[in-house]
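Asks: The structure under discussion is supplied below as structure tokens; questions concerning it will follow.
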Amino acid sequence: MTTLAVGAVRLNVAAVSDVGLVRPVNEDSFLVGGPAFVVADGMGGYESGDRASAAVVAAFEDRLVGTDYAEFSEVHDALVDADDRVAVVSETTERGTGSTATGMVLVRHGDGKPFWLVFNVGDSRVYRHLGSELEQLTTDHSLGQELIERGELAPEDFATFGGRNVITRAIGSADSLADSWLVPVVTGERFLLCSDGLHGEVDDESIRAILTMNGRPEAAAQMLVDRAKANGGRDNVTVMVIDVVAGGHSAFGDYTTGVPASVAADLEDTLSV
């Protein structure tokens, strides 16, 4: 477990990444480096997937780690840099490559209070856990999700859908647009960042129960990885658990876990890659 301080915000963070039981190489990468927390899942096979995800993480590490609260524009610049770096990796391969990128960056907004800027490209996810409730903050950019939204695939059939690993956006691809959400930092909340190696093997109810029953982030992270492997471990699995222990809002006020309407347009323009 790592304890971090960004301004007045105090965090306990634990991350575990495992190759799983089938894949020969771990193509996932992650960054624990306030104010930025990132999970990236590379694509392109053993030839380049690991290099692509490492390039995404390196862009955020080089631009944000060691700073205080980030600016929206700095997150945009990190995403553009990640896209450029993955393109360089892709040029050295025959099949090309890409990577998901999901993460949370501490920013200030409005009256200067801390917020999370949550972003996502691909099908890695961010969940928010408070009390015993679990909420998925990000929306997958995947063929399966698109079919669900069009009513052509039932959510309960997603786990057995043959194209569930086909993603529709990726860093390094023609469409690398990041979705984004502005979320208030609330003391006592817990976040889960993960690659699809977790949510492809472990259902949301099991994830919720594990996050609820395990008080220490390192115990929760390890148990989630162990459960994914027990359920088949067919993909690399990366899990990051972040606990806000001090310095956040004491109540939600007028905000929810969606983007406040007053800043939604600004976020869309700022984070376009």
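Asks: Just one of the numbered conditions (1) more than 24 Å from residue 216 (Cβ to Cβ); (2) part of a strand (DSSP E or B); (3) of a type in the set (Ser, Thr, Tyr) is not true of residue 3; which one?
Replies: That leaves (1) as the condition not met.
Asks: Return the residue satisfying two criteria in turn: it lies in segment 55-79 and is surrounded by fewer than 20 Cβ atoms within 10 Å (Cβ to Cβ) and of a type in the set (A, V, I, L, M), and of such residues it is nearest to residue 8 (Cα to Cα).
Replies: 65
Asks: While we're looking at this one, here's another question. Of all the residues that make up segment 177-217, how many are more than 15 Å from the chain's Cα centre (by Cα), of a type in the set (D, E, K, R) and closer than 29 Å to residue 98 by Cα?
Replies: Qualifying residue count for the region: 3.
Asks: Here are some residues: 122, 112, 96. Which one is touching a His at 6+ places or on another chain (Cβ under 7 Å) and among the small types (Gly, Ala, Ser)? Can you show your working first?
Replies: On the way: 112 fails: touching a His at 6+ places or on another chain (Cβ under 7 Å); 96 fails: touching a His at 6+ places or on another chain (Cβ under 7 Å).
One residue alone meets the criteria, 122.
Asks: Here is a check on your reading of the model: is residue 6 at pLDDT below 95 and under 12 Å from residue 104 (Cβ atoms)?
Replies: Working: at pLDDT below 95: yes; under 12 Å from residue 104 (Cβ atoms): yes.
For residue 6, the condition - at pLDDT below 95 and under 12 Å from residue 104 (Cβ atoms) - is met.
Asks: Something else now. Are any of the residues in segment 34-48 outside any loop (DSSP other than H, G, I, E, B), closer than 17 Å to residue 217 by Cα and either out of contact with any Phe, Trp or Tyr (no Cβ under 7 Å at 6 or more places or on another chain) or modelled with pLDDT under 95 (or both)? Explain how you work it out, then say what you get.
Replies: The first filter runs over segment 34-48 and keeps only residues outside any loop (DSSP other than H, G, I, E, B), leaving 36-43, 45-47.
Those still in the list that are closer than 17 Å to residue 217 by Cα too: 37-39.
From what is left, the residues that are either out of contact with any Phe, Trp or Tyr (no Cβ under 7 Å at 6 or more places or on another chain) or modelled with pLDDT under 95 (or both) are 37.
Looking through segment 34-48, at least one residue is outside any loop (DSSP other than H, G, I, E, B), closer than 17 Å to residue 217 by Cα and either out of contact with any Phe, Trp or Tyr (no Cβ under 7 Å at 6 or more places or on another chain) or modelled with pLDDT under 95 (or both).
Asks: Without any contact (Cβ under 8 Å) to a residue 24 or more places away in the chain, out of contact with any strand residue (DSSP E or B) (no Cβ under 6 Å at 6 or more places or on another chain) and surrounded by fewer than 24 Cβ atoms within 10 Å (Cβ to Cβ), is that true of residue 47? Spell out the reasoning first.
Replies: Working: without any contact (Cβ under 8 Å) to a residue 24 or more places away in the chain: no; out of contact with any strand residue (DSSP E or B) (no Cβ under 6 Å at 6 or more places or on another chain): yes; surrounded by fewer than 24 Cβ atoms within 10 Å (Cβ to Cβ): yes.
No, not satisfied.
Asks: Ok, one more. I'd like the residue in segment 80-114 that is assigned to a strand (DSSP E or B) and among the hydroxyl-bearing types (Ser, Thr, Tyr) and, out of all such residues, is surrounded by the most Cβ atoms within 10 Å (Cβ to Cβ). Outline the logic, then answer.
Replies: In the first step, residues of segment 80-114 are kept if they are assigned to a strand (DSSP E or B); the result is 98-99, 101-109, 113-114.
In the following step, the residues that additionally are among the hydroxyl-bearing types (Ser, Thr, Tyr) were identified as 99, 102.
Details: 99: 35, 102: 28.
That would be 99.
Asks: Please work out if residue 62 is at pLDDT 95 or above and either over 18 Å from residue 235 (Cα atoms) or aliphatic (A, V, I, L, M) (or both). Show your work before the answer.
Replies: On the way: at pLDDT 95 or above: yes; either over 18 Å from residue 235 (Cα atoms) or aliphatic (A, V, I, L, M) (or both): yes.
Yes: the conditions hold for residue 62.
Asks: Among the helices (runs of 4 or more DSSP H) confined wholly to segment 181-232, which include 1 or more residues that are in contact with a Phe, Trp or Tyr (Cβ under 9 Å, 6 or more places away or on another chain)? Show your work before the answer.
Replies: Numbers: elements: 196-199, 204-213, 217-230.
Passing ranges, in order: 196-199, 204-213.
Asks: Inside segment 126-139, can you point out the residues that are farther than 17 Å from residue 217 by Cα and in contact (Cβ under 8 Å) with a residue 60 or more places away in the chain? Steps first, please.
Replies: At the first step, the residues of segment 126-139 found to be farther than 17 Å from residue 217 by Cα are 135-139.
Listed by number, the residues that qualify are 135, 136, 137.
Asks: Within segment 180-209, can you find the residues that are within 16 Å of residue 13 (Cα to Cα), out of contact with any Pro (no Cβ under 9 Å at 6 or more places or on another chain) and of a type in the set (A, V, I, L, M, F, W, C)? Walk me through how you get there before you give the answer.
Replies: Step one: list which residues in segment 180-209 are within 16 Å of residue 13 (Cα to Cα), which gives 185-194.
So of that shortlist, the ones also out of contact with any Pro (no Cβ under 9 Å at 6 or more places or on another chain) come out as 186-189, 191-194.
Across segment 180-209, the qualifying residues are 186, 191, 192, 193, 194.
Asks: Any chance segment 57-67 includes a residue that's over 23 Å from residue 226 (Cα atoms), in contact (Cβ under 8 Å) with a residue 60 or more places away in the chain, among the β-branched types (Val, Ile, Thr) and part of a helix (DSSP H, G or I)? Walk me through how you get there before you give the answer.
Replies: Of all residues in segment 57-67, those over 23 Å from residue 226 (Cα atoms) come to 57-67.
Retained after the next criterion (residues that are in contact (Cβ under 8 Å) with a residue 60 or more places away in the chain): none.
No, there is no match, as no residue in segment 57-67 is over 23 Å from residue 226 (Cα atoms), in contact (Cβ under 8 Å) with a residue 60 or more places away in the chain, among the β-branched types (Val, Ile, Thr) and part of a helix (DSSP H, G or I).
Asks: I'd like to verify a number: residues in segment 194-222 that are closer than 24 Å to residue 25 by Cβ and either without any contact (Cβ under 8 Å) to a residue 60 or more places away in the chain or of a type outside the set (Gly, Ala, Ser) (or both), how many? Before you say what the answer is, go through the steps one by one.
Replies: First pass over segment 194-222, keeping only residues closer than 24 Å to residue 25 by Cβ: 194-202, 221-222.
Of the ones still in play, those that are also either without any contact (Cβ under 8 Å) to a residue 60 or more places away in the chain or of a type outside the set (Gly, Ala, Ser) (or both) are 194, 196, 198-202, 222.
Qualifying residue count for the region: 8.
The values are calculated or read from the model by the stated rules, or taken from the named source; none is laboratory data. Computed from a predicted model, the values in this text were never measured in an experiment. Quick reminder, even Gly has a Cβ in these numbers, built from the backbone with ideal geometry, and neighbours come from all protein chains shown.
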